[in-house]
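Asks: Mind having a look at this structure? Questions to follow.
The values are calculated or read from the model by the stated rules, or taken from the named source; none is laboratory data. Predicted model only: the values in this text are computed from it and were never measured. Note: ideal-geometry Cβ built from the backbone for every residue, glycine included; neighbour counts use all protein chains shown. Note: areas computed on protein heavy atoms with side chains; ligands, DNA, RNA excluded. Shrake-Rupley method; radii C 1.70, N 1.55, O 1.52, S 1.80 Å.
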Amino acid sequence: MAKIIEIECPHCHSNLWIDSENNAVVQHKKTQKKNFESFDSLLKKEKEKKEKADERFILAKELEKEKKKKAEDIFKKSLDQHK
């Protein structure tokens, strides 16, 4: 009686059934590559996205303050010139 061993190919992740007496592949079944990320790595990525978004928001807010200050300075100078 043949002894059949089932293994997963480390390269293509297919299931292989091997006859250990004849050293031959009896059957194979292709499967989709399993690409699981850990929950911690997903949380880390989301945290980094949030931090980048927060940084962009802060920069945009600072830029808006600078624009407002420049506009006020120009307005004050134009008022001083007309006095």
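Asks: Which value, in debye to the nearest 20, gives the size of the charge dipole of the chain about its Cα centre, when Lys and Arg are +1 and Asp and Glu are -1 at the Cβ?
Replies: Numbers: 21 positive and 17 negative charges, 163 e Å.
Once rounded to the nearest 20, the dipole reads 780 debye.
Asks: Another question, then. Determine the principal axes of the Cα atoms in the chain, then give the extent along each, sorted from largest to smallest and rounded to whole angstroms.
Replies: That gives 109, 20, 12 Å along the principal axes, largest extent first.
Asks: Along the charge dipole of the chain, which of Gln81, Ile4, Ile18 sits closest to the positive end, that is, farthest toward it, with unit charges on the beta carbon of Lys, Arg, Asp and Glu (+1, +1, -1, -1)?
Replies: The residue sitting most towards the positive pole is Gln81.
Asks: Something else now. Ignoring any ligand, DNA or RNA, what whole percent of the accessible area of the chain comes from carbon and sulfur when the probe is 1.4 angstrom?
Replies: Values: 4700 of 8320 Å².
Of all accessible area on the chain, carbon and sulfur atoms account for 57 percent.
Asks: For the chain, report the accessible area per residue in Å² (1.4 Å probe, heavy atoms, rounded to an integer).
Replies: Solvent-accessible surface per residue comes out at 100 Å².
Asks: If I model a spin label at Lys45 and Glu8 as a point 7 Å from the Cα along the Cα→Cβ vector, what separation in nanometres do I get?
Replies: Inter-label distance under the simple model: 2.0 nm.
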